[in-house]
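Asks: Can you read through this structure? Questions will come right after.
The values are calculated or read from the model by the stated rules, or taken from the named source; none is laboratory data. Since the structure is predicted, the reported quantities are computational estimates derived from the model, not experimental observations. Here the Cβ positions follow ideal geometry from the backbone for every residue, glycine too, while neighbour counts run over all protein chains shown. Each accessible area value is taken on the protein alone, full model and side chains, heavy atoms only, with ligands, DNA and RNA left out. Shrake-Rupley method; radii C 1.70, N 1.55, O 1.52, S 1.80 Å.
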Amino acid sequence: MDIRLQHQSFHFSFIALLITLLIALSCGGLARWQYHRAIEKQQSLSYLADKASLGELQLAEALLMPDEWNKTGVIVHLKGVIEKHKYWLLDNKVLNGRVGYDVLIIVKVANEPRGLIVNLGWIPASDERNFLPAVSFADTEINIKAQIKDGDLAGFYLAHEEEKSSSWPKRIQYIDIDKLARQSAESLLPFMAYSKDSILDIQPHYEPVVMTPQKHKAYALQWGLIGIAAVVVFVFASKVRGNHE
């Protein structure tokens, strides 16, 4: 295909033009997606900051919020009791390059009949897949500060066959409050919390916003520049080729 613009000839194939357009449009789409993700992350950070401004609440105070309000980000003080031998190990959790589990327990506070699922943090996995690491709680009472997470708790997970076992601890692949309620035969609150305090050798590691808005904007700029570079290379190659001919 030959085009002449302002005394300059361009020679290129239709396939090369199509590939360049696909690259440019794809990069533009990715840049736009990253930019919108940056806006969403900024809104999330503002939302979490607004919730943090409430200070540390008792769980009973958090429960007084309207049910339609998303409680994610609310910091609560949990002083209650746990069943030391009834806990879950959330599979495939990596911390500092090491594979392990997150430890989930049920905390019951005074004057609240429903239990709250609390993620205490990470413990390393054993070398043998069939051997689950044991957590030895010193007491049935717990006194920690935790951050509530409401809404989608399962996140991304691979399809799997559910492990059927009556023994504890139980290994799970994702968090499903209804499923945990059935397994434990307990009535549970419809949200969970992540501990901000370290217990035993369990390491809290929850980050409500993993990637910052600035990083998303940097990725958006990167994709945009790649798209522009593809067009510049195509034009330059076509121009040089036309001049040579």
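Asks: Here is a list: 94, 118. Which entry is out of contact with any Lys or Arg (no Cβ under 8 Å at 6 or more places or on another chain) and closer than 14 Å to residue 202 by Cβ?
Replies: 118
Asks: Let me ask another. For the structure I just gave you, tell me whether residue 161 is at pLDDT below 90, assigned to a loop (DSSP other than H, G, I, E, B) and of a type in the set (Asp, Glu).
Replies: Yes, satisfied.
Asks: Working only within the stretch 65-86, note down all residues that are part of a strand (DSSP E or B) and either open to solvent by 20 Å² or more (accessible area, probe 1.4 Å) or of a type in the set (Ser, Thr, Tyr) (or both).
Replies: 75, 77, 79, 81
Asks: Then there is this: With the requirement that a residue be modelled with pLDDT of 85 or more and among the basic types (Lys, Arg), what does the stretch 126-158 give you?
Replies: 145, 149
Asks: Can you pull out every residue in the stretch 95-114 that is closer than 29 Å to residue 60 by Cβ and not in a strand (DSSP E or B)?
Replies: 110, 111, 112, 113, 114
Asks: Would you point out which residue out of 117, 123 is modelled with pLDDT of 90 or more, assigned to a strand (DSSP E or B) and in contact with a Pro (Cβ under 6 Å, 6 or more places away or on another chain)?
Replies: Going through 117, 123 in turn, the sole match is 123.
Asks: A follow-up question, please. Which of the residues spanning the stretch 87-107 are surrounded by fewer than 19 Cβ atoms within 10 Å (Cβ to Cβ) and either among the small types (Gly, Ala, Ser) or free of Cβ contacts under 8 Å to residues at least 40 places away in the same chain (or both)?
Replies: Result: 94, 96, 97, 98, 99.
Asks: Applying the selection to the stretch 126-149, what residues are out of contact with any Pro (no Cβ under 8 Å at 6 or more places or on another chain) and not in a strand (DSSP E or B)?
Replies: Hits for the stretch 126-149 are 127, 128, 129, 130, 131, 136, 137, 138, 139, 140.
Asks: For the stretch 184-193, indicate whether the set of residues that are at pLDDT 90 or above, open to solvent by less than 20 Å² (accessible area, probe 1.4 Å) and assigned to a helix (DSSP H, G or I) is non-empty.
Replies: Within the stretch 184-193, one or more residues are at pLDDT 90 or above, open to solvent by less than 20 Å² (accessible area, probe 1.4 Å) and assigned to a helix (DSSP H, G or I).
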